[in-house]
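Here the structure comes first, spelled out in structure tokens, and everything after it is commentary.
The values are calculated or read from the model by the stated rules, or taken from the named source; none is laboratory data. No experiment lies behind these values; they were computed from the predicted model shown. Reconstructed Cβ throughout: ideal geometry from the backbone, glycine too, with neighbour counts over all protein chains shown.
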Amino acid sequence: MIVNVHDHDGRSQGIAAIPVDAVGIDERAAFFGKRSIKAGSKLDLFYLAIRMMDLTTLEGADTPARVRQMCRKAIQPASPMLTEALSKIPGFRPIPSVAAVCVYPLLVPHAVKALEGSGVHVASVATSFPSGQASLATRLIDVREAVAAGAHEIDMVINRGAFLAGEYQQVYDEIAAVREACGAAHLKVILETGELGTLDKVRLASDIAIAAGAHFIKTSTGKVQPAATPQVTLVMLQAIADHYRKTGVRIGMKPAGGIRTARQAITYLVMLYETLGPAWMTPDLYRFGASALLNDVLRQIYKQYTGRYYYDKGYSLD
Amino acid sequence: MTEHLAHASASPATNGHPRDPAPAPGGLVIDYAPSIESDKIVQIPARHQLYIGGKWTQPAAGRYFDSINPATNQVLSEIAEADASDVDAAVRAARRSYDRTWSKLSGRERGRYLFRIARLIQERSRELAVLETIDNGKPIRESRDVDLPLVAAHFFYYAGWADKLEYALPGRKVGPIGVAGQIIPWNFPLLMAAWKIAPALACGNTVVLKPAEQTPLTALKLMEIFEEAGLPPGVVNLVTGAGEAGAALVAHPGVDKIAFTGSTEVGKIIARSVAGSGKKLTLELGGKSAHIVFEDAAIDQAVEGVINGIYFNQGHVCCAGSRLLLEESVSGVFLDKLKVRMRQLRVGNPLDKNTDIGAINSIGELDKIKRLIELGKQEGSSYFEPEEIKLPQAGNFLRPCFFSDVASSHTLCRVEVFGPVLTVSTFRTPAEAVAKANDTPYGLAAGIWSEKGSKIHKVASGLRAGVIWANTYNQFDPTSPFGGYGESGYGREGGRHGLLPYLEILG
């Protein structure tokens, strides 16, 4: 099947629906957890995972104070106690800041202020997150307001209703419109794979999002189960690989939701490494959407240095 | 915007703008650690004897040969070399045990022994997997995750049949045949022993097993497990040795049935030798199996399937998907992806859990494969091997490779290489794919990749192959019969069909 969509200038963008074999994906996705990694390399991966993290809070109960607290954690992930304990270890490398914090548009100004000068980005879930069930005009206003408030990155949701109804042109047009509304901000397109039903649809949605101008494609809002899984992530990485093979353009990937342990993060990074290669092993092209993951990675970093675990209260909640 | 992103990554390995079409410098490279499975779990005795009538027995001529670790080419153990008189003793022990004990037991009793054996294999599976890897050269990941689970599963499966044989052929009365002589190859040593022994015992036969001279260690270990399970003496006897012992077993008048897995060349000799003797015979021989990929396949998964089809177990697989047939419209993309994927393969120490491709089983085998690769190059098809794959200094290692633009008349497209060598040809229509797939004297297995179910059924019905996999490859299960057409042999192993070669129809 060829899905015909047209770009701004009315040029046809034929997107071939690439079939995905779900059984084969299960097998391959399970494989990446079986690699064993050198201790030094593991430590590098933990540091990289922190630098790839989009620390996220997306609750109705979010307040400016809550966001400020999370921003502090984003800049300095290790608590003062842990930092002190770590700094006594010979050869210890300082814990880096995370890539970004991810908040609702209304809270962007607070995050921007709290992160000023830190190098940590502000990402915002615009487009009537998480359902996207609002008019395009409303969603675009949402995006423009977030960008105007200083968001560096916009995490949009695709119109799953339109996608599942087969209105691919509409899905494409809306993504392209959001991209335009983003201006200089980077666009991450959330497919909400937990609502798409099949891996074939995940692949098609990935290809449409990439064709319509996504800088990153992202699995999930975190509000729908299942969120990121190794299987959907692998399918999306394969879409990115095919796009790179055809155009030489590198699209980024963000699995979000459900990645809680350092061990899981390593499995995702091995998958990235074996599917797209070392060029993608950078925060510019890969992010983890997570909140619980950070403390477990810190826990494992301490363990890599010392061979034991730091006590639990040594990690700050946020 | 680029500035934002440069901020975000504190590392010098920043790639700049993600949409920058220029090639980005390399990001982080992952260093895989050698993760060596400890070999402490296995104790390999310096010398192994024959196992006859429940006793470890010295060979009559007092001769021994070496079993070699193919990853290092060091000697693992001395193995007794059986001659005709040893084989005779083993066959007589099997006959005694058949007459006095095993054929008299109820099916339920035989099943209890087999269940016990299966459980002991599970309990000792790590030890057996390590030993198999040391002796054979296959990656520990495969011996641990594929061979050993299947070995136990075969014993469990046929244990279940032992007291249900009256349902194997509804309406017919069946009984055991007698003494089975079983000769097995070196590529799946323990698994092939299980394929042979489990149905034979379930049906009430006794066994003389001859493992391959390259890889006898796990079969010898299996005899210990049989002892531990309390299997009566003489029910399974083991004679180690090379062609001489095998020939003596095949020619022995006291043997009622021969089961052989190995090369087509030896299979033909056995068939001639057995002709007119009244012995039953099953042969599981070579293959040159076609792996057909249509343009409507899930290409990324098909690449995985093709990799698994040919490079699994170093390509030492009788049903290996060694002839890739690609629909011309996707051949370019497919080969690009295949190359990318092959570069990820890790060749090396078979005991390393990160190893994808282990050691070629012997120096002789390595030389044979290398000669065939040279021949392929001389015949002028284009050759690819991922040169960045590092090979260990010692041991028998070879990079995976393929030849593309191969015609059916090329030697490599016709002979069984039995190594990590793939040939690639293209086709234009399903009819052409079927014709090319069948253009071989063999007929063991085939694979079809298409997301269109009706096409799979249509193509499968045209293929002359004993096993056909759709959208997967090299999947094995004790419930499923396995065997070939043409020069791939006759008879089936596995499933209900696998009982029939070990049963006499009594009425």
Please find, within region A:253-270, the residue that is nearest to A:Val224 (Cα to Cα) out of those that are within 12 Å of another protein chain (Cβ to nearest Cβ) and surrounded by fewer than 22 Cβ atoms within 10 Å (Cβ to Cβ).
A:Thr267
Residue, farthest from the chain's Cα centre (by Cα), within region B:344-358, restricted to residues that are more than 10 Å from chain A (Cβ to nearest Cβ) and not in a loop (DSSP other than H, G, I, E, B)
B:Val347
Within region B:353-368, can one find any residue that is surrounded by fewer than 23 Cβ atoms within 10 Å (Cβ to Cβ), closer than 18 Å to B:Lys390 by Cβ, of a type in the set (A, V, I, L, M, F, W, C) and modelled with pLDDT under 95?
no
Reported set for region A:53-70 where residues are among the β-branched types (Val, Ile, Thr), in a loop (DSSP other than H, G, I, E, B) and closer than 11 Å to A:Ala111 by Cβ is A:Thr57
Among the residues of region A:57-94, which ones are within 14 Å of chain B (Cβ to nearest Cβ) and surrounded by fewer than 20 Cβ atoms within 10 Å (Cβ to Cβ)?
A:Ile75, A:Gln76, A:Arg93, A:Pro94
Count of residues meeting criterion [within 14 Å of chain B (Cβ to nearest Cβ), farther than 24 Å from A:Gly248 by Cα and not polar (S, T, N, Q)] in region A:172-200:
1
State all residues of region A:193-230 that are within 18 Å of A:Ile15 (Cα to Cα) and of a type in the set (Lys, Arg); if no residue qualifies, say none.
A:Lys201, A:Arg203
Here the qualifying pairs (Cβ atoms under 6 Å; residues six or more apart or on different chains; first in region A:233-252 and more than 7 Å from chain B (Cβ to nearest Cβ); second among the hydroxyl-bearing types (Ser, Thr, Tyr)) come out as A:Met236/A:Ser206; A:Leu237/A:Thr275; A:Ala239/A:Ser206
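Each row is one residue, and each column tells you yes or no for (1) touching a strand residue (DSSP E or B) at 6+ places or on another chain (Cβ under 8 Å); (2) surrounded by fewer than 19 Cβ atoms within 10 Å (Cβ to Cβ); (3) without any contact (Cβ under 8 Å) to a residue 60 or more places away in the chain.
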| position | (1), (2), (3) |
| --- | --- |
| A:Ile154 | yes, no, yes |
| A:Gly161 | no, yes, yes |
| A:Glu174 | no, no, yes |
| A:Cys182 | yes, no, yes |
| A:Gly194 | no, no, yes |
Quick one: which residue in A:Arg250, A:Arg245 is of a type in the set (D, E, K, R) and either surrounded by 24 or more Cβ atoms within 10 Å (Cβ to Cβ) or under 13 Å from the mean Cα position of the chain (by Cα) (or both)?
A:Arg250
Please specify each residue of region B:136-156 satisfying the condition of being in contact with a Pro (Cβ under 7 Å, 6 or more places away or on another chain), assigned to a helix (DSSP H, G or I) and buried (at least 22 other Cβ atoms within 10 Å of the Cβ).
B:Asn136, B:Ile140, B:His154
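Which members of region A:1-25 meet the condition of being in contact with a Lys or Arg (Cβ under 6 Å, 6 or more places away or on another chain) and either more than 7 Å from chain B (Cβ to nearest Cβ) or surrounded by fewer than 17 Cβ atoms within 10 Å (Cβ to Cβ) (or both)?
The answer is A:Ile18, and nothing else.
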Mind checking which pairs have a first residue in region A:26-54 that is more than 9 Å from chain B (Cβ to nearest Cβ) and a second that is among the acidic types (Asp, Glu), Cβ under 7 Å, 6 or more apart or different chains?
A:Phe32/A:Glu274
Report, by residue number, each residue of region A:277-296 that is over 25 Å from A:Val125 (Cβ atoms) and surrounded by fewer than 23 Cβ atoms within 10 Å (Cβ to Cβ).
A:Gly277, A:Pro278, A:Ala279
Name the residues in region A:71-100 that are touching a strand residue (DSSP E or B) at 6+ places or on another chain (Cβ under 6 Å) and part of a helix (DSSP H, G or I), would you?
A:Cys71, A:Ala74
Need a quick list: strands (runs of 3 or more DSSP E) entirely within region B:398-479 having at least 2 residues that are β-branched (Val, Ile, Thr) and touching a Phe, Trp or Tyr at 6+ places or on another chain (Cβ under 6 Å).
B:421-427
Give region A:208-232 a look and list any residue that's surrounded by 22 or more Cβ atoms within 10 Å (Cβ to Cβ), within 14 Å of chain B (Cβ to nearest Cβ) and either within 21 Å of A:Asn4 (Cα to Cα) or of a type in the set (D, E, K, R) (or both), or say none.
A:Ala209, A:Ile210, A:Ala212, A:Ala214, A:Ile217, A:Lys218
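Each row is one residue, and each column tells you yes or no for (1) more than 13 Å from the chain's Cα centre (by Cα); (2) among the aliphatic types (A, V, I, L, M).
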residue: B:Ile140; (1), (2): yes, yes
residue: B:Arg144; (1), (2): yes, no
residue: B:Leu150; (1), (2): no, yes
residue: B:Gly175; (1), (2): yes, no
residue: B:Ile184; (1), (2): no, yes
residue: B:Asn187; (1), (2): no, no
Does region B:279-301 hold any residues that are among the hydrophobic types (A, V, I, L, M, F, W, C), touching a strand residue (DSSP E or B) at 6+ places or on another chain (Cβ under 7 Å) and outside any strand (DSSP E or B), and which are they?
B:Leu285, B:Phe294, B:Ala297
Which residue pairs have Cβ atoms under 9 Å apart, sit 6 or more places apart or on different chains, and have a first residue in region B:166-179 that is touching a residue at least 60 places away in the same chain (Cβ under 8 Å) and part of a loop (DSSP other than H, G, I, E, B) and a second that is aromatic (Phe, Trp, Tyr) and surrounded by 12 or more Cβ atoms within 10 Å (Cβ to Cβ)?
B:Ala168/B:Trp161; B:Ile177/B:Tyr502; B:Gly178/B:Tyr98
Residue by residue through region A:28-42, note down the ones that are more than 11 Å from A:Leu234 (Cα to Cα) and either of a type in the set (Phe, Trp, Tyr) or modelled with pLDDT of 95 or more (or both).
A:Phe31
Contacts under 7 angstrom Cβ, first residue in region B:57-70 being within 30 Å of B:Lys138 (Cβ to Cβ) and among the polar types (S, T, N, Q), partner at pLDDT 95 or above and assigned to a loop (DSSP other than H, G, I, E, B), 6 or more apart
B:Thr57/B:Gln49; B:Ser67/B:Pro216
In the set B:Asp99, B:Asp145, the lone residue that is under 30 Å from B:Leu76 (Cβ atoms) and without any contact (Cβ under 8 Å) to a residue 24 or more places away in the chain is B:Asp145
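Check region B:120-127 and report whether any residue there is in contact with a strand residue (DSSP E or B) (Cβ under 6 Å, 6 or more places away or on another chain) and either buried (at least 24 other Cβ atoms within 10 Å of the Cβ) or not in a strand (DSSP E or B) (or both).
No, because not a single residue in region B:120-127 is in contact with a strand residue (DSSP E or B) (Cβ under 6 Å, 6 or more places away or on another chain) and either buried (at least 24 other Cβ atoms within 10 Å of the Cβ) or not in a strand (DSSP E or B) (or both).
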Subset of region B:200-230, residues of a type in the set (S, T, N, Q) and out of contact with any strand residue (DSSP E or B) (no Cβ under 8 Å at 6 or more places or on another chain), comes to B:Thr218
Residues of region B:228-267 satisfying the condition of being buried (at least 22 other Cβ atoms within 10 Å of the Cβ), closer than 28 Å to B:Gly486 by Cα and hydroxyl-bearing (Ser, Thr, Tyr)
B:Thr261
